[in-house]
Amino acid sequence: MAHTHFKGRSLLTWLDYSAEEIRALLDLTRKVKNESARHESHQRFKGKTLALLFEKRSTRTRCAFETAFGEEGGHPVFLSTQDIQLGAKESIEDTARVLGRMFSAIQFRGFKQSSVETLAAFSGVPVYNGLTDAFHPTQALADVFTLEEAFGPCKGQKLCFVGDGRNNVARSLMVISAKLGIHFTVITPGALNPDAALVERCRPLASASGASITITSDLAEVKGAAALYTDVWASMGEESKKAERAALLAPYQVNASLMARSGRPDTIFLHCLPAIKGEEVTAEVIDGPQSRAWDEAENRKHTIKAIMLATL
Ligand code: CP
Ligand code: NVA
């Protein structure tokens with residue numbers, strides 16, 4: 001697929017992209033990762049500027065955008081809510097209009113999905129969702145890329161998310177899995193089941209791609225999983241729910257015995273990071289031989305570079 005097809009597009013959620021388009025971005029990621037391994041240097045963002053808006057903290061997402069853009073000759077500008085008027089003294093619409101006059105693209109990390117949608121609607125430049133309460137699409141692309149590095153084509157693989165089934169990471173994995181034909185299982189206590197409306201939206205996509213979506217509280221469902229994935233029990237903005245979540249999710253910790261219940265010695269462990277070792281995952285698992293979490297973190301940069309190359 002010609003990359004020109006992507007020009008000018010935003011990435012707010014994978015719901016807006018077809019399986020073929022996501023596949024093209026995975027292929028482009030492979031290309032840029034190979035270039036990086038050969039220490040090739042390019043200047044494909046020369047003369048371009050990127051606004052990086054952050055309402056929430058970040059290590060990987062910020063560094064991935066900033067290094068991927070900067071090393072290709074682009075100029076990234078980091079703006080936290082301490083620095084700019086966004087949503088405080090100035091509406092998001094007006095901020096979008098102004099940034100769109102000065103920047104080639106905008107990355108937004110924050111609370112509301114409506115904020116990133118408004119930026120995209122009013123800026124006139126590509127807007128990338130670097131995480132909202134609802135979705136974390138750039139993460140999900142890196143996750144699928146990492147899965148494919150371990151097992152080859154993702155179609156028909158079983159990916160199992162164990163933990164807070166409502167969160168942005170679980171939701172994004174559900175969407176991308178449904179699009180790409182990955183059998184996606186969410187293992188979560190009933191109180192943390194993913195939003196029914198999103199599940200209903202994903203079901204026909206999954207049927208079309210030959211995938212299944214399973215939502216269960218039964219840990220035995222890890223059987224046969226190519227990958228077990230978990231995330232923090234309380235996401236950014238949910239700090240007040242920590243104790244309640246710990247009580248609900250303690251039985252869902254990913255530890256060596258849960259990894260063994262997949263029944264496959266080659267099952268990999270994935271985590272978007274940051275991780276709280278001893279809560280959602282044991283140090284033994286995340287730092288052990290089955291973990292691909294560190295490759296996954298590196299792949300954030302390659303996937304984000306691919307997304308920007310395609311859309312800019
Ligand atoms: N996985 C991820 O988004 O990490 P950061 O919060 O450090 O960006
Ligand atoms: N679900 C987590 C992901 C962090 C990358 C959060 O939103 O805090």
Go through A134, A105, A142 for me and flag whichever is within 16 Å of ligand 1 (Cβ to nearest atom), surrounded by 24 or more Cβ atoms within 10 Å (Cβ to Cβ), of a type outside the set (K, R) and modelled with pLDDT of 95 or more. A142
Is it fair to say L312 is on the phi < 0 side of the Ramachandran plot, in contact with a Ser or Thr (Cβ under 7 Å, 6 or more places away or on another chain) and within 16 Å of ligand 2 (Cβ to nearest atom)? no
Going through (1) within 14 Å of ligand 1 (Cβ to nearest atom); (2) in contact (Cβ under 8 Å) with a residue 60 or more places away in the chain; (3) not acidic (D, E); (4) not in a loop (DSSP other than H, G, I, E, B) one by one, A120 fails only at (1)
Residues of segment 147-164 being farther than 22 Å from R57 by Cα and within 15 Å of ligand 2 (Cβ to nearest atom), in sequence order, are F161, V162
When you check F65 against the structure, is it touching a residue at least 24 places away in the same chain (Cβ under 8 Å), surrounded by fewer than 17 Cβ atoms within 10 Å (Cβ to Cβ) and either in contact with an Asp or Glu (Cβ under 9 Å, 6 or more places away or on another chain) or aromatic (F, W, Y) (or both), yes or no? no
Among the candidates S114, S91, single out the residue that is more than 27 Å from A68 (Cβ to Cβ) and out of contact with any helix residue (DSSP H, G or I) (no Cβ under 7 Å at 6 or more places or on another chain). S91
Members of segment 154-186 that are surrounded by fewer than 23 Cβ atoms within 10 Å (Cβ to Cβ) and more than 19 Å from S262 (Cα to Cα): R166, G181
When residues of segment 126-137 are limited to those that are touching a residue at least 60 places away in the same chain (Cβ under 8 Å) and not in a strand (DSSP E or B), the one nearest to K46 (Cα to Cα): P126
When you scan segment 279-300, do you find a residue that is buried (at least 23 other Cβ atoms within 10 Å of the Cβ), basic (K, R), within 15 Å of ligand 1 (Cβ to nearest atom) and closer than 24 Å to L25 by Cβ, even just one? yes
Looking at segment 82-89, can you tell me whether even one residue there is crowded, with 24+ Cβ neighbours inside 10 Å and free of Cβ contacts under 8 Å to residues at least 60 places away in the same chain? no
Would segment 187-202 turn up any residue that is in contact with a helix residue (DSSP H, G or I) (Cβ under 9 Å, 6 or more places away or on another chain), among the polar types (S, T, N, Q) and either closer than 25 Å to A260 by Cβ or within 16 Å of ligand 1 (Cβ to nearest atom) (or both)? yes
For a quick check of your reading of the model, give me the residue pairs whose first member lies in segment 279-302 and is within 15 Å of T61 (Cβ to Cβ), whose second is of a type in the set (S, T, Y) and in a loop (DSSP other than H, G, I, E, B), with beta-carbon atoms closer than 9 Å and at least 6 apart or on different chains. A297/T59
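Rundown of residues vs (1) among the aliphatic types (A, V, I, L, M); (2) modelled with pLDDT under 95; (3) surrounded by fewer than 18 Cβ atoms within 10 Å (Cβ to Cβ); (4) within 16 Å of ligand 1 (Cβ to nearest atom), yes/no style:
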{"residue": "D218", "(1), (2), (3), (4)": "no, no, yes, no"}
{"residue": "D231", "(1), (2), (3), (4)": "no, no, no, yes"}
{"residue": "E244", "(1), (2), (3), (4)": "no, no, yes, no"}
{"residue": "L249", "(1), (2), (3), (4)": "yes, no, no, no"}
{"residue": "Q253", "(1), (2), (3), (4)": "no, no, no, no"}
Looking at F151, is it among the aromatic types (F, W, Y) and either surrounded by 16 or more Cβ atoms within 10 Å (Cβ to Cβ) or more than 14 Å from ligand 1 (Cβ to nearest atom) (or both)? yes
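The values are calculated or read from the model by the stated rules, or taken from the named source; none is laboratory data. Computed from a prediction, not measured in an experiment: that's the story for all the values here. Neighbour counts run over all protein chains shown; Cβ positions are idealised from the backbone, glycine included.
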